[in-house]
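Report on the structure given below.
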Amino acid sequence: MKFTKMHGCSNDYIYVNCFEETVADMGVFAKEFSDRHKGIGSDGAIFICPSEEADCEMKMYNADGTYSEMCGNGIRCVAKYVYDNAIVDKKEMNILSGGQIKKIRVEVGDERVNDVTGRSFSKRKDGLAVNKVRVDMGEPILEPYRIPAMFSDGCDAIIAHDLYVGDANYKATCVSMGNPHCVIKVQEVDRIPVETLGPQFENHVCFPNRINTEFVQIIDRNSVRMRVWERGAGETLACGTGACATVVACVLNGETDEKVTVHLLGGDLEVFWDRSGDNHVYMTGGAVTVFEGEV
């Protein structure tokens, strides 16, 4: 079976072209080959599949083999893959993920500026490749039952809500961008023990489907720093949906404007919540092909 290793802001996944390959059990594949010591090594596996509703469908599995509805960094790489491999020959496309169609716009150029090996992976006759992708992530979901985030007081939205984890009380703002997020403001993100706190948030009783947790330090009205604990994967170097949820949370709490640069461990993402327009969140960032191989 052929695969391609790709990353968006160092959030790396194994990509399998299911237009050509067949995978019997995607969860088992993801768990086995995501292992960084015994497998290929990744934050999970993403399968690029045919779709009757869109140009293609993305099916994403975490490193522990569990299914996830959406991955912001992953969907940018899927857009790059299908364009570079001439599966979809247009710069505006629709990709289905978790039952929702996302509208994508790609920017193309010479891929070699982003490829440390000096090799282009583009299969296109014109030799061009995608180096930046803008994703319409849709409207943020704030209703607790849709996230889901089950707090006993029955609030309409969870904004700076008390959440006790261990012996400490945190102010939690919960948002779904197709998958669930809990955003926590901190003073110094580098000092947060993410490896210890992350699992406690992920498996908290208030989150029946588990939760992704973002620890966020406000820099100014247009920039923040973020670290993320992803359910089923642990701390990762970036999370696209988490960056989007973070900007929504910061705006709701009056901390930032609607256009924000999110600085992650693996790179930067540009996020815009068009709150006064269509209420959609737009995310822009890079996508990089690392290598191809066979298993």
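The values are calculated or read from the model by the stated rules, or taken from the named source; none is laboratory data. Computed from a prediction, not measured in an experiment: that's the story for all the values here. Every residue, glycine among them, receives a Cβ derived from its backbone with ideal geometry; neighbour counts consider all protein chains shown.
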Per the filter on region 211-254, residues out of contact with any Phe, Trp or Tyr (no Cβ under 6 Å at 6 or more places or on another chain), farther than 21 Å from LYS102 by Cβ and either of a type in the set (Asp, Glu) or not assigned by TED's automatic domain parsing to the domain that holds SER176 (or both) are ASP220
Say whether the condition of being aromatic (Phe, Trp, Tyr) and part of a strand (DSSP E or B) is met by at least one residue in region 133-155.
no
Just need a number here: residues in region 237-268 that are touching a residue at least 60 places away in the same chain (Cβ under 8 Å), in contact with a helix residue (DSSP H, G or I) (Cβ under 9 Å, 6 or more places away or on another chain) and among the polar types (S, T, N, Q).
1
If you scan region 141-191, which residues turn out to be surrounded by fewer than 19 Cβ atoms within 10 Å (Cβ to Cβ) and of a type in the set (D, E, K, R)?
GLU143, ARG146, ASP153, ASP156, ASP162, ASP167, LYS171, GLU188, ASP190, ARG191
When you go through ARG124, ARG210, ARG119 one by one, which is the residue that is within 22 Å of HIS7 (Cα to Cα) and either free of Cβ contacts under 8 Å to residues at least 12 places away in the same chain or under 18 Å from the mean Cα position of the chain (by Cα) (or both)?
ARG119
Can you tell me how many residues in region 269-295 are exposed (fewer than 14 other Cβ atoms within 10 Å of the Cβ) and farther than 18 Å from MET6 by Cα?
4
What's the number of the condition GLY127 fails, among (1) among the small types (Gly, Ala, Ser); (2) closer than 28 Å to GLU292 by Cα; (3) in a strand (DSSP E or B)?
(3)
Which of the residues that make up region 240-294 are modelled with pLDDT under 95 and among the aliphatic types (A, V, I, L, M)?
ALA287, VAL288, VAL290
